[in-house]
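Written out below as structure tokens is the structure these notes cover.
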Amino acid sequence: MRVAVGVRPEDMVAGSAQSAMLRGIVRTVEFLGSRSLLRADVGPVLATALLPPDCSFAVGEMVGLDPSNEAPLHWFDVASGYRIEPTNP
């Protein structure tokens, strides 16, 4: 079974690409008033992060993305697209 992991955009934090789990190139930054919506190409995937309004990333810039410390990870079966529910051992 192939598995994909997902993190909600509001649970992502952005920073230096050197120390981040994910590294990407900023495609768009949309200022929404109280937040900024950043989209970045991370390999073949378009990643989205909902960031504070004062984020200073520019289109074309390298960005690092990490799940926040308390962010829940969501697991999916790639073939079906269904979420894999956590089980207790």
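The values are calculated or read from the model by the stated rules, or taken from the named source; none is laboratory data. Since we're looking at a predicted model, the values are computed, not measured. So basically every Cβ, Gly included, is an ideal-geometry build from the backbone, and we count neighbours across all protein chains shown. Remember, those area values only see protein heavy atoms, side chains included, never the ligands or the DNA or RNA. Shrake-Rupley method; radii C 1.70, N 1.55, O 1.52, S 1.80 Å.
Less than 13 Å Cβ to Cβ from residue 34, Lys/Arg counted +1 and Asp/Glu -1: what total charge do the surrounding residues give? Around residue 34, the surrounding residues sum to -2. Based on every Cα atom in the chain, Rg and the maximum pairwise Cα distance Dmax equal 14.2, 45 Å.
With a/c under 1.5 counting as rounded, go ahead and sort region 30-75 into rounded, prolate or oblate using the C-alpha gyration tensor (a ≥ b ≥ c being the square roots of the eigenvalues; past the cut-off, prolate if a/b is larger than b/c, else oblate). In terms of gyration-tensor shape, oblate.
With protein chains left intact and a 1.4 Å probe, residues in the chain average 68 Å² of accessible area per residue. Across 12, 21, 62, mean-square fluctuation computed from a Gaussian network of the chain (C-alpha pairs under 10 Å connected) peaks at 21. Here the Karplus relation 6.51 cos²θ - 1.76 cosθ + 1.60, evaluated at θ = phi - 60°, turns the backbone of region 38-54 into coupling constants of 10, 10, 9, 7, 10, x, x, 10, 8, 9, 10, 9, 9, 10, x, x, 8 Hz, with x for every Gly and Pro.
Each Lys and Arg contributes +1 and each Asp and Glu -1, all at the Cβ; summed about the Cα centre of the chain, the dipole is approximately 200 debye.
Shape analysis of region 1-46 yields a ratio of the Cα radius of gyration to the Kirkwood radius, Rg/Rh, of 0.99. Each residue of region 4-15 was assigned a 3J(HN,Hα) from its phi angle through the Karplus curve 6.51 cos²θ - 1.76 cosθ + 1.60 (θ = phi - 60°); the sequence is 10, 10, x, 10, 5, x, 6, 9, 9, 10, 10, x Hz, with glycine and proline shown as x.
Mean-square fluctuations from a GNM of the chain, with a 10 angstrom spring cutoff on Cα atoms, peak among 71, 14, 49 at 71.
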